[in-house]
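Have a look at the structure below before the remarks.
The values are calculated or read from the model by the stated rules, or taken from the named source; none is laboratory data. Model, not experiment: these values are computed from the prediction. Note that we place each Cβ from the backbone using ideal geometry, even for glycine, and neighbour counts take in every protein chain shown.
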2 protein chains.
Amino acid sequence: MTTPDPDGLLAEQLLRLTRRVHRIQKRHLEHRDLGITPAQSRLLRTLAHWGSPPRMADLAERLEVVPRAVTTLVDGLEASGKVRRVPDPANRRVIRIELTDDGRGALRELRAARRSAAEEILAPLTGDQRETLGGLLNTLIDGTPAGPC
Amino acid sequence: MTTPDPDGLLAEQLLRLTRRVHRIQKRHLEHRDLGITPAQSRLLRTLAHWGSPPRMADLAERLEVVPRAVTTLVDGLEASGKVRRVPDPANRRVIRIELTDDGRGALRELRAARRSAAEEILAPLTGDQRETLGGLLNTLIDGTPAGPC
DNA sequence: GCTCATTGTTACCTATGCTCACAATGAACT
DNA sequence: AGTTCATTGTGAGCATAGGTAACAATGAGC
């Protein structure tokens, strides 16, 4: 079946689905009552998969936002003791972001929250379909076969 | 290839892609310089595919937002003359939203903007892949085979 | 009549991200 | 040395998108 503007429709569906993903993710996070917003959660997960503590600028690039946006996120996470700002002795302009023990504990909860949220979102799809979808999304994001997690 | 948390990864990819879709859509809209935000654009397109002028509540349901959010969108569109609030004589609580001629003109531009944005986003996919993706997204959104446009 | 549901809106609040300007620092080149 | 330029993070302020809670006007059921 062909629609008059299939690509535009696809973008529409993508945006619509996105709103739902946001809502569901937000709800699952709030349910766990960690005091962590979705964007903070993403930063924490990104942090967890880093080797040594990254710079603010590294995080900004990885998260695809401007550095100023990272400042706000780290502010919130630092206030709740999930991360620590550590000055870099080698270059006094840079600040490295470290996970605290508290942050590592929160990450376990976050993973569970994300898993249940993903389950709710992806419920209508079979395993094969999920795999196909993952492949297509990867192609859209870039050419790599694996993401940040 | 199997990752330790494939579903969580999928949600991650979806959110990441979403940010990109938003950015691209916003840029294409700004480029056309219509003074219309992405959310307003969505409301206009929804409006265009309605039979008779819908109520605010109808729009809220269709857009999957609370009625209060529609008020703001309509405020903006009415201020720029793209839609008109028309009281319903049969029920004086309801307000019906009509497209103006100006709004209809804007819609043509919007369609072009959306098409070019979609083309940019979907460039890495072949026609078949787009079709597959559309099917999967539809399944995720609900069971219907066709969307709002 | 009285009560209750519907409808839109006023008045906030939150989350996310942006730009612009700036201060501190480091690097490069006279 | 000094001067200039790039990097790095952040303060200030804005825009978008959405949400809650309270409310006034209206309609519907009794």
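Please go through the range A:98-145 and give me each residue that is hydrophobic (A, V, I, L, M, F, W, C) and touching a residue at least 24 places away in the same chain (Cβ under 8 Å), ordered by number. Matches in the range A:98-145: A:Leu99, A:Ala106, A:Leu107, A:Leu110, A:Ala112, A:Ala113, A:Ala117, A:Ile121. Among the residues of this structure, B:Ala117 does not count as one that is surrounded by 16 or more Cβ atoms within 10 Å (Cβ to Cβ), of a type in the set (Gly, Ala, Ser) and farther than 18 Å from A:Arg16 by Cα. Within the range B:14-40, residues that are of a type outside the set (Asp, Glu) reach partners that are part of a loop (DSSP other than H, G, I, E, B) and at pLDDT 90 or above with beta carbons closer than 6 Å, at six or more positions or on different chains, in the pairs B:Gly35/B:Ser80.
Taken across the range A:46-69, residues that are closer than 26 Å to B:Ile121 by Cβ, β-branched (Val, Ile, Thr) and free of Cβ contacts under 8 Å to residues at least 60 places away in the same chain do occur, with at least one present.
Only residues that are modelled with pLDDT under 85 and polar (S, T, N, Q) were counted across the range B:102-149, and they come to 1.
The single condition from (1) buried (at least 21 other Cβ atoms within 10 Å of the Cβ); (2) within 14 Å of DNA strand C (Cβ to nearest atom); (3) within 11 Å of another protein chain (Cβ to nearest Cβ) that B:Leu47 fails is (3). The number of residues in the range A:64-76 that are near DNA strand C (Cβ under 7 Å from one of its atoms) and either in contact with a Leu (Cβ under 8 Å, 6 or more places away or on another chain) or of a type in the set (Ser, Thr, Tyr) (or both) comes to 3. Within the range A:52-61, is even one residue within 22 Å of A:Ala112 (Cα to Cα) and exposed (fewer than 15 other Cβ atoms within 10 Å of the Cβ)? No - not one qualifying residue is present in the range A:52-61. Looking only at residues in the range B:45-104 that are of a type in the set (Asp, Glu) and within 9 Å of DNA strand D (Cβ to nearest atom), the one that is farthest from B:Ile141 (Cα to Cα) is B:Asp88.
For every residue, the table says whether it meets (1) within 12 Å of DNA strand C (Cβ to nearest atom); (2) within 14 Å of chain A (Cβ to nearest Cβ); (3) within 17 Å of A:Glu12 (Cβ to Cβ); (4) in a helix (DSSP H, G or I).
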| site | (1), (2), (3), (4) |
| --- | --- |
| B:Ile36 | no, no, yes, no |
| B:Gln40 | no, yes, yes, yes |
| B:Glu78 | yes, no, no, yes |
| B:Val86 | yes, no, no, no |
| B:Pro89 | no, no, no, no |
